[in-house]
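Have a look at the structure below before the remarks.
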Amino acid sequence: MPYPKKLQEIVDLFEHLDEPEKRENLIVYADQADSHTPVDEEDYALEDVRKDEECTDTVGIFLKEEAGGGVTFRVSLGPQVQTLTRAMTAILCEGLSGETPQTVREVPADFVPKIVGGQLVRQRSQTVYYVLGRMKGACQVYERRKAMAE
C-alpha cells in the first residue's frame, strides 16, 4: 500500500539522508510539535488523553473531523516526552492530515525506519511507533462511534 501523499513526501525527504542528517531533521520536527497541539476554538470528535507504560509522560490524541470524511490530529505532549516522540508527533500530524480514518488505520508502520534510521529504531523501538499506534486506535474508536450513531 502506498503511503498518503503528505507522508510519502516526508519519507522521501528522510530516506536518502545519512544518520546525522536524519537526527538533525528529527530535531527540527520535534521543535514543530507544539504547532500541532489542541486549539481551544476547535471541536474534536474524539479526545484520548492518558499516560501509557511505554511513554514517559501523558499524551493526548485529539481527532477532528474534516469536510469530505478526512480527519486531522492534534496532540498534547507532557514535558517529559522524548525528542523522538515529539518529532514523530509532528511528522504524523503533518503526514496524515486530511486522510480518512480507514487510511490512517491502514498505514503500514514500515515507513518509520526510513525516517528515523535503523539505529534509533533499535534504541527506541517502543517510542517510535507509540504515536502512530495511538492515532490508529483513535481512528478505530471514532469509526465505531460513528457507525453506532448512524
Which distance in nm do the two modelled labels at residue 34 and residue 17 give, with both placed 7 Å along the Cα-to-Cβ direction? 2.0 nm
Can you give the translational diffusion coefficient of the chain in µm²/s, computed by Stokes-Einstein from the Kirkwood radius over Cα pairs at 25 °C and 0.890 mPa s? 158 µm²/s
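Restricting attention to the range 73-117, which GluC sites (Glu not before Pro) occupy a DSSP loop and are surrounded by at most 14 other Cβ atoms within 10 Å? Mind dumping the intermediate values first?
On the way: sites: 94, 99, 106; in loops: 99.
Listed in order of number, the matching sites amount to none.
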Largest fluctuation, 38, 113, 79 only, Gaussian network model of the chain with Cα springs under 10 angstrom, belongs to 79
For a quick check, take a GNM of the chain with Cα springs below 10 Å and name the residue from 115, 27, 91 with the largest mean-square fluctuation. 27
Take 36, 16 and order them by how many other Cβ atoms sit within 10 Å, fewest up front. 16, 36
So if I place +1 on the C-beta of Lys and Arg and -1 on the C-beta of Asp and Glu, and nothing else carries charge, what would the dipole magnitude of the chain be about its Cα centre? I want it in debye, nearest 20. 440 debye
Ordered by fewest other Cβ atoms within 10 Å, a rough proxy for footprinting exposure, 81, 28 read 28, 81
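Where in the chain are the DSSP H helices whose C-alpha atoms run 27 Å or more along the long axis and whose mean Kyte hydropathy is at least -0.5?
Details: long enough: 125-149 (37 Å, -0.40).
Helix filter hits for the chain: 125-149.
Bear in mind these aren't lab numbers, they're just calculated from the coordinates by the rules spelled out. This structure is a prediction, so every number in the text was calculated from the model and none was measured. Cβ coordinates were reconstructed from backbone atoms using ideal geometry, including for glycine residues, and neighbour counts include every protein chain displayed.
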